[in-house]
Amino acid sequence: MPFQTDHLAGQSQASDLTAPATKLLPLHGVVDPSNAVLFGLNSNSPANKRDHLSYLFNENYRVITSSAVALDSAGRATEALRWLEERVDYILVHLDVDVIDPGLFPLGDVPNWSGVKFPEIMTAMSISGTDDCGGQS
């Protein structure tokens, strides 16, 4: 498998296997179905095309929809966290504010009516903010 090296300047170069192991990264990336949870995906959004959703499910990505988060944010966040803890050493949480219903949180300014309210997202984020979580962005 070809590898690339990770350079501080943000540039990559092809490399042979003589480079230090800590600098080798697979060309295919580091996020895959074995280590990612898509939490709060709005499956009803026109931006999420049927082909996109099919890809996620066909490739076995772990998807928890915004509808499921709206019904039980704490339970779904705990489920996602436990799933990740079984598979990875570090967890990075990224929150797109447009997952919050813009009718209730206009700062998201994206018409993405997910049904998820601000308190529900804060509950989910507080659960992900355990000592096992490597960071939040």
Report summary line: For the pair Thr78 and Arg50, the simple spin-label estimate (label points 7 Å beyond Cα toward Cβ) gives in nm 3.7 nm
Query raised in the report: Highest mean first, what order results for 47-55, 62-70, 79-87 on Cβ atoms within 10 Å?
Result: 62-70, 79-87, 47-55
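Bear in mind that the values in this text are calculations on the coordinates, not laboratory data. Given the structure is predicted, the values throughout are model-derived calculations rather than measurements. When we count neighbours, we look across all protein chains shown, and the Cβ atoms used for this are built from the backbone with ideal geometry, even at glycine.
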